[in-house]
Amino acid sequence: MKRFLSIAMLMLLGAPLAGAKDLSPERLDELDKRGYFTPDFKAATHGLVDALGALNQAEMEEKTLRQQLPSLQKQAAETEAKAVALRQELAKYDHPEENDFTALQSAMSDSVAQAKDQVILAQAYVWAYPMSPHAAEAQQFLQQVHKKIADEQQAAKDAEAARIAAHAKLVARGQAHDLSLLEWRELLRGMSQTDLVKLLGQPSSQKSSYWFYTDGWVNEPAQHGKVGMQINFEAGRVITVDEKPPTP
């Protein structure tokens with residue numbers, strides 16, 4: 001009977017306690033002070049309120065998770081992609097001598113690769129993997145690239161020697177007044193006034209930035225003879241060489 005009266009009293013309290021969601025521990029404590037509840041009823045009611053609070057919290061957390069789900073899925077996909085890339089990168093180190101030999105082969109077959117880069121790769125492989133099954137081939141690569149470098153150096157020396165010999169021959173012909181106008185332009189291009197005097201001597205005459213050599217320096221087949229030169233300077237160096245016909 002007392003339990004029934006307690007429940008009935010709750011129903012008479014009106015709208016604030018009409019629904020279970022309107023209950024709160026504070027409200028129940030206030031009603032308890034007024035003596036409306038039995039201890040058992042109070043415990044049961046507090047349990048209901050706590051359960052409803054936990055349910056509301058769970059619903060809020062579920063809603064938050066649903067909102068975050070696309071972002072979490074994207075993060076998971078990115079993490080997986082990074083993991084795959086990392087596994088692929090780590091796989092290269094399972095057999096480094098094979099990967100490095102592949103790189104060496106690629107460099108040796110590259111037509112635009114520089115010999116100095118090739119020799120570094122070949123020498124590094126020979127030193128790093130002396131027990132590799134590719135060690136002998138790497139040694140051959142090293143010998144090939146050393147020969148290539150030696151051939152290039154010899155070719156450069158030969159070319160320089162040929163250039164020096166050709167220049168000396170050109171100078172000798174110039175001093176003998178036996179060059180065409182094009183040959184004079186090649187020989188004197190960019191030459192300083194000091195070097196020009198050493199080569200040809202003092203000019204016959206000077207005017208402003210022009211020097212004149214009028215003693216028949218330039219072979220002129222069209223005139224069946226030789227004509228002089230006029231040489232123009234800028235900042236003390238030859239910029240143009242032209243014929244100077246004989247003075248009438």
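Assorted remarks:
- Subset of the stretch 184-200 [under 17 Å from G216 (Cβ atoms) and either without any contact (Cβ under 8 Å) to a residue 12 or more places away in the chain or surrounded by 16 or more Cβ atoms within 10 Å (Cβ to Cβ) (or both)]: W184, L187, L188, L200
- Any chance K148 is over 30 Å from L187 (Cα atoms), exposed (fewer than 11 other Cβ atoms within 10 Å of the Cβ) and charged (D, E, K, R): no
- Pick from the stretch 219-248, criterion modelled with pLDDT of 90 or more, in a strand (DSSP E or B) and among the aliphatic types (A, V, I, L, M), ranking: surrounded by the fewest Cβ atoms within 10 Å (Cβ to Cβ): I239
- Complete set of residues in the stretch 115-139 that are free of Cβ contacts under 8 Å to residues at least 24 places away in the same chain, under 21 Å from Q153 (Cβ atoms) and loosely packed, with under 13 Cβ neighbours inside 10 Å: D117
- Total residues in the stretch 153-180, condition surrounded by 12 or more Cβ atoms within 10 Å (Cβ to Cβ) and under 13 Å from A115 (Cβ atoms): 0
The values are calculated or read from the model by the stated rules, or taken from the named source; none is laboratory data. The structure presented is a predicted model; accordingly, all values stated were derived computationally and were not measured. FYI the Cβ positions are ideal-geometry reconstructions off the backbone, even for glycines, and counts take in every protein chain you see.
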